[in-house]
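Everything below concerns the one structure shown next.
The values are calculated or read from the model by the stated rules, or taken from the named source; none is laboratory data. If you're wondering where the values come from, they're calculated on a predicted model, not measured in any experiment. Cβ sites come from the backbone with ideal geometry, for glycine too, and all protein chains shown count toward neighbours.
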Amino acid sequence: MLLLIKSWKKFAHHRTQLSEIKDLLKRIRELEIKTKGLVDGMMAGSYKSKIRGRGIEFSEVREYVLGDDVRHIDWNVTARTNKLHVKEFVEERDLRVYVIFDNSASNEFGFMKSKKSIGHEVAASIIFSAMKNNDNVGLGIFTDKLEQFVPARKGRKHSLSLLRTLLAHKPKSIHTDIESSLLQLHHILGQHSVVFIISDYISPNFLRPLKFLKNRHDVVLINISDIRESELPDIGYTMLEDIESGEQLMVNTSDTSFRNAFTKNSLENHEKIKNDIKKLKVEMVNVSEQIPFDTALRQFFNQRTRR
């Protein structure tokens, strides 16, 4: 009888694992289908020109010919020769794109859809875009530290493996520490890379490591937010809880002055982060249920200019 019970438990566990794998593969397929239109659209020019365009290295100086980009004029050589000369660049053969994902507990929050689910869609779009352009793509997952890191490689098999890793990852901590995580990332990343950091940026004090990263890499911040983080509905007395600290606070949402103060404080915090990041000359893309990820990413790639 004991042997039968053990066999049954083993069978049940195996069956659960198969079910989880099946569900995981289904979610990956759904993400691939959902992001296909956006990826195809970006591959029509936006991704190649705005991301690949950053992955270039200086080659030589030559005389200007009609149609050359005037931003590439080398004024020093031009002044010496009295003839217009431009700097010529070549694409780096092995551009590396990294998706760095915040998997802390605060991203489980969401009014209509969790911030984590939206983040998965953004991550899938970037991974598949890099894959289709034959770029190396890698992954980092963090909470209060960098919990997982997968070096960048090419190919569809590797890209699907990254998505499996992302979706299946079970965080070891519920807390967020972007500063510590980015410092770890700074020490790990070697060659110049394009780094997309997906987070809700609730954790403060991450500007110092962000500056380190920005000085060596092309960094883009993807900010995932939810309307209920800045606007409270009028539903009377309710309990607000910080999902990471467990701190609870009873509030009266029918108090208009409280709701207004809550919104004002949230918007001021976001504006401060936005201004601090702008001073570092790092780009931020804002995504939420009100600003769909595909719209936000298209606008970002269309508006982005080369430094």
Look through segment 155-203, keep the residues that are acidic (Asp, Glu) and touching a helix residue (DSSP H, G or I) at 6+ places or on another chain (Cβ under 8 Å), and return whichever of them is surrounded by the fewest Cβ atoms within 10 Å (Cβ to Cβ). Glu179
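Out of the residues in segment 164-199 meeting the condition of being closer than 21 Å to Val122 by Cβ and touching a Ser or Thr at 6+ places or on another chain (Cβ under 6 Å), tell me which one is modelled with the lowest pLDDT.
Applying the first criterion (closer than 21 Å to Val122 by Cβ) to segment 164-199 yields 164-171, 176, 178, 181-182, 185, 189, 193-199.
Those still in the list that are touching a Ser or Thr at 6+ places or on another chain (Cβ under 6 Å) too: 171, 176, 178.
On the way: Pro171: 90, Thr176: 85, Ile178: 90.
Among those that are closer than 21 Å to Val122 by Cβ and touching a Ser or Thr at 6+ places or on another chain (Cβ under 6 Å), it is Thr176.
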Residue satisfying condition, being outside any strand (DSSP E or B) and touching a Gly at 6+ places or on another chain (Cβ under 9 Å), within set Ser181, Ser203: Ser181
Leading residue by the ranking (surrounded by the fewest Cβ atoms within 10 Å (Cβ to Cβ)) among those in segment 120-154 that are farther than 20 Å from Ser106 by Cα and of a type in the set (Phe, Trp, Tyr): Phe149
